[in-house]
Amino acid sequence: MLEALTASTDSYADEKMSESVIAHLPTLDISRLDGTPDERASVAADLRDILYEHGFFYLSGHGVDPTLVAEVLAASKRFFALPEADKLEIEMIRSPRFRGYSRAGAELTQGRPDWREQVDFDCEEEALAVGPDSPAWQRTIGPNLWPSAMPELKDVITRYQDAVTRVGLDVLRAIAIALGQDEDAFEPMVRPRPRQHLKILRYPGRAAAGSDQGVGAHKDGGLVTILLQDELAGLRVQGQDGEWIDAPPVPGSFVVNTGELLELATNGFVRADVHAAVSPPPGLERYSIAFFLGAAHEGSIPLIDLPPALKRAERGVSSDPANPLFRDVGANHLKARLRSHPDVARVHYADLL
Ligand SMILES: O=C(O)CCC(=O)C(=O)O
Ligand SMILES: [Fe+2]
């Protein structure tokens, strides 16, 4: 299959342009990678098309225990149902590491408030000793905030984070294979350890006259996002032609999407689709849990040398001049966090603003 790819003189881009537009997201059964060589080749070819057209798909065959999925959703709902004072005990403003609870409206996307409450977690680590000459992103390294009203939260979040980290790394290997690389091609980007940013999210029903921005249109900044939606739909993905595609929850599968770092590493062969979540109707609430597998902060993003047929289809990276993407992972991460959480930035990063 790879020989065919490399030897092909047709433009991959032309071939894809002539196919009809898919109005729903495709599904990838990743367990087929462990099958026969033919199955492996066919899943790689499917994934290559998905990455080029969307970078968004349903993932099945991922091996995450459904009991753990149910447990983490239940724990997240219990957290959001706590009295406000218990949630504010871990308010993000207390964390220079952008960990903790944000009330609805506190986080901004493109300068506008997202109508969702959330808790952000990342790798649980010791704070680094940061000196005046250390890179500023090192100030984002350190422990998470855990609510004393819910001592069991740490265990379930940590187990879920580990499970979806494994899935994200499996997806990265599958992406490497799909792009004609060694399966470990992306491994250096997650050394010494990948970032494990996890957000538990609750979207309240929209106010009758209010905006329906649950989270505004954006691309994810990391490598691979693994999204778990509870029962209510709300996620929308913008396709290449600008049309919006609904991505409702499908039980037993995750929605997976590729982030800007993979767009950058493949010079735009892999797409990072713009997406958004709309608020549920008045009186309802929507829950989701988003996990962002990220590159290690200390690294930088390489340009992967794709096989010629794929290289010809590279689109380049469209960078927003007001929000340029850096190859330097830590700097990129800190910039995104400062923009999303201006209140935390003012308290903890006033020297950088
Ligand atoms: O809640 C969702 O379905 C989407 C969340 C999302 O896109 C994000 O937090 O980056
Ligand atoms: Fe997102």
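Summary of computed values
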item	result
Residue in segment 291-311 that is within 16 Å of ligand 2 (Cβ to nearest atom), more than 13 Å from the chain's Cα centre (by Cα), crowded, with 19+ Cβ neighbours inside 10 Å and within 27 Å of residue 102 (Cα to Cα) present	no
Test set (1) within 29 Å of residue 245 (Cβ to Cβ); (2) buried (at least 19 other Cβ atoms within 10 Å of the Cβ); (3) hydroxyl-bearing (Ser, Thr, Tyr) - residue 60 fails condition number	(2)
Segment 270-285, residues that are more than 11 Å from ligand 2 (Cβ to nearest atom) and buried (at least 24 other Cβ atoms within 10 Å of the Cβ)	270, 279
Single residue of segment 182-213 satisfying the filter (over 26 Å from residue 166 (Cα atoms) and not aliphatic (A, V, I, L, M)) that is surrounded by the most Cβ atoms within 10 Å (Cβ to Cβ)	203
Residue under evaluation residue 278, criteria (1) more than 18 Å from residue 53 (Cα to Cα); (2) among the β-branched types (Val, Ile, Thr); (3) away from ligand 1 (no atom under 11 Å from the Cβ), criterion not met	(3)
Single residue of segment 117-134 satisfying the filter (surrounded by 15 or more Cβ atoms within 10 Å (Cβ to Cβ), in a loop (DSSP other than H, G, I, E, B) and modelled with pLDDT of 95 or more) that is farthest from the chain's Cα centre (by Cα)	124
Residues satisfying the stated conditions in segment 201-211, i.e. in contact (Cβ under 8 Å) with a residue 40 or more places away in the chain and more than 16 Å from ligand 2 (Cβ to nearest atom)	204, 205, 206, 207, 208, 210, 211
Output for segment 164-207, where each listed residue is more than 15 Å from the chain's Cα centre (by Cα), small (Gly, Ala, Ser) and closer than 21 Å to residue 253 by Cβ	174, 178
Odd one out for residue 66 among (1) out of contact with any helix residue (DSSP H, G or I) (no Cβ under 9 Å at 6 or more places or on another chain); (2) surrounded by 15 or more Cβ atoms within 10 Å (Cβ to Cβ); (3) more than 22 Å from residue 262 (Cβ to Cβ)	(2)
Selection from segment 277-317 of residues that are outside any strand (DSSP E or B) and charged (D, E, K, R)	298, 305, 311, 312, 314, 315
Qualifying positions in segment 135-166 - among the β-branched types (Val, Ile, Thr) and part of a loop (DSSP other than H, G, I, E, B)	141
Scan of segment 73-113 for residues that are among the small types (Gly, Ala, Ser) and surrounded by fewer than 16 Cβ atoms within 10 Å (Cβ to Cβ), ordered by number	74, 81, 85, 105, 111
Residue tally, condition within 18 Å of residue 62 (Cβ to Cβ) and hydrophobic (A, V, I, L, M, F, W, C), over segment 239-280	5
Matching residues in segment 214-267 - criterion: being buried (at least 22 other Cβ atoms within 10 Å of the Cβ), within 16 Å of ligand 2 (Cβ to nearest atom), over 12 Å from the mean Cα position of the chain (by Cα) and assigned to a loop (DSSP other than H, G, I, E, B)	234, 247
Contacts under 7 angstrom Cβ, first residue in segment 213-232 being on the phi < 0 side of the Ramachandran plot and within 7 Å of ligand 1 (Cβ to nearest atom), partner part of a strand (DSSP E or B) and of a type in the set (S, T, N, Q), 6 or more apart	215/109; 218/109; 220/257; 225/257; 227/288; 229/288
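The values are calculated or read from the model by the stated rules, or taken from the named source; none is laboratory data. Just so it is clear, the model here is predicted, and its values are computed rather than measured. Neighbour counts run over all protein chains shown; Cβ positions are idealised from the backbone, glycine included.
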